[in-house]
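The values are calculated or read from the model by the stated rules, or taken from the named source; none is laboratory data. All of these numbers come straight from a predicted model, not from anything done at the bench. Note: ideal-geometry Cβ built from the backbone for every residue, glycine included; neighbour counts use all protein chains shown.
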Amino acid sequence: MRLKMRRRTMPFVQIAQPSDHRRMAELHSEGFPRGWSTGEITVLAEEPTVTSLVVRSEGGGQQPACGFVMLRQAADEAEILSIAVDQTARGEGFGRALMSQAIRHCQSERLARLILEVDGGNEAAVALYTRLGFREIGRRAGYYENIAGPGAERHDALVMALALL
Ligand SMILES: CC(C)(COP(=O)(O)OP(=O)(O)OC[C@H]1O[C@@H](n2cnc3c(N)ncnc32)[C@H](O)[C@@H]1OP(=O)(O)O)[C@@H](O)C(=O)NCCC(=O)NCCS
C-alpha cells in the first residue's frame, strides 16, 4: 500500500520590500478582525526601529508572500507587532520560520528579550510561541471578545516573553 505524504514546502524568509506591503495588508486582514491598510503597513515598516519579514515557499521567486511578521525594537527588547500566515498555508511551518528568523534578528542585535501579546483563546498562536520557548509573564483578564459571540466568555490576553541572553 502506498502512503500519502503531506507535501511540506521549504520556507524562505526575507526582509519585506515596499512591494510586499499590499500583500502584507491582505494577510493581516485575513488573520485579524481589524485589518491594517497598505498605507498603515508602509508607515509602520518605515519606522527605523521596525523590522518586517516575509516568507515564501523556497523557489517561489516573485510569488506573493504567504506570511509576514513585524517587530519593533525598544531599548534592549523587541515586541512582535503582528504575524500572520495565509489561511491556505497554515500548519506548514511558515509561522515557525518567521518567528525563528525574528528571534535570530533580535539575537544579532544583542537584545535581552522578545515579548508579545496574544489572545489566550488563539490555540495556534499560543502553541507556536510556547514551542519556541516563550513563557507567560502577564495576563489581562477578559481582554479579548470571544469569536463565538458576545454572550461567550471573553478571553484573557497573555503577555509572553522569550529571554535571549
Ligand atoms: C498563528 C499562525 C501565525 C501560525 O502560523 P503557521 O504557519 O500555521 O504555524 P506553523 O505551521 O509554523 O506551526 C508552528 C507550531 O505551532 C503549532 N501549531 C500551529 N497551528 C496549530 C494549531 N491550530 N493547533 C495547535 N498547534 C498548532 C504547530 O504544531 C507547530 O509546532 P511544531 O513546529 O513544533 O510542529 C497562524 O495560525 C495565523 O496566521 N493565524 C492568524 C493570525 C494570528 O492569530 N496571529 C497571531 C497573533 S498573536
Going by the conditions given, is residue 165 surrounded by 17 or more Cβ atoms within 10 Å (Cβ to Cβ), in a loop (DSSP other than H, G, I, E, B), over 16 Å from the mean Cα position of the chain (by Cα) and more than 14 Å from the ligand (Cβ to nearest atom)?
no
With the requirement that a residue be touching a strand residue (DSSP E or B) at 6+ places or on another chain (Cβ under 9 Å) and closer than 17 Å to residue 160 by Cβ, what does the range 52-81 give you?
69, 70, 71, 72, 77, 78, 79, 80, 81
Just to be sure, is residue 43 in contact with a strand residue (DSSP E or B) (Cβ under 8 Å, 6 or more places away or on another chain), hydrophobic (A, V, I, L, M, F, W, C) and over 27 Å from residue 147 (Cα atoms)?
no
Quick check on the range 32-54: of everything there that is of a type in the set (Gly, Ala, Ser) and surrounded by 13 or more Cβ atoms within 10 Å (Cβ to Cβ), which residue is nearest to the ligand (Cβ to nearest atom)?
35
Could you please find all residues in the range 104-125 being closer than 21 Å to residue 93 by Cα, more than 15 Å from the ligand (Cβ to nearest atom) and hydrophobic (A, V, I, L, M, F, W, C)?
106
Collect the residues in the range 68-102 that are over 11 Å from the mean Cα position of the chain (by Cα) and hydrophobic (A, V, I, L, M, F, W, C), keeping them in residue-number order.
74, 75, 78, 89
Check whether at least one residue in the range 11-21 is within 12 Å of the ligand (Cβ to nearest atom) and part of a helix (DSSP H, G or I), and report yes or no.
no
Among 78, 84, which is the only one that is near the ligand (Cβ under 8 Å from one of its atoms), under 21 Å from residue 130 (Cβ atoms) and crowded, with 16+ Cβ neighbours inside 10 Å?
84
If we ask which residues in the range 118-155 are surrounded by fewer than 16 Cβ atoms within 10 Å (Cβ to Cβ), in contact with a strand residue (DSSP E or B) (Cβ under 7 Å, 6 or more places away or on another chain) and not in a loop (DSSP other than H, G, I, E, B), their number turns out to be 9
Matching option when the condition is under 18 Å from residue 117 (Cβ atoms) and in contact (Cβ under 8 Å) with a residue 60 or more places away in the chain, among 80, 103
103
Looking at 29, 57, can you tell me which residue is modelled with pLDDT under 95 and surrounded by 13 or more Cβ atoms within 10 Å (Cβ to Cβ)?
57
Among the residues in the range 82-90, are any at pLDDT below 95, assigned to a loop (DSSP other than H, G, I, E, B) and not basic (Lys, Arg)?
no
Extreme residue, farthest from residue 12 (Cα to Cα), among residues of the range 65-75 that are among the small types (Gly, Ala, Ser) and more than 9 Å from the ligand (Cβ to nearest atom)
75
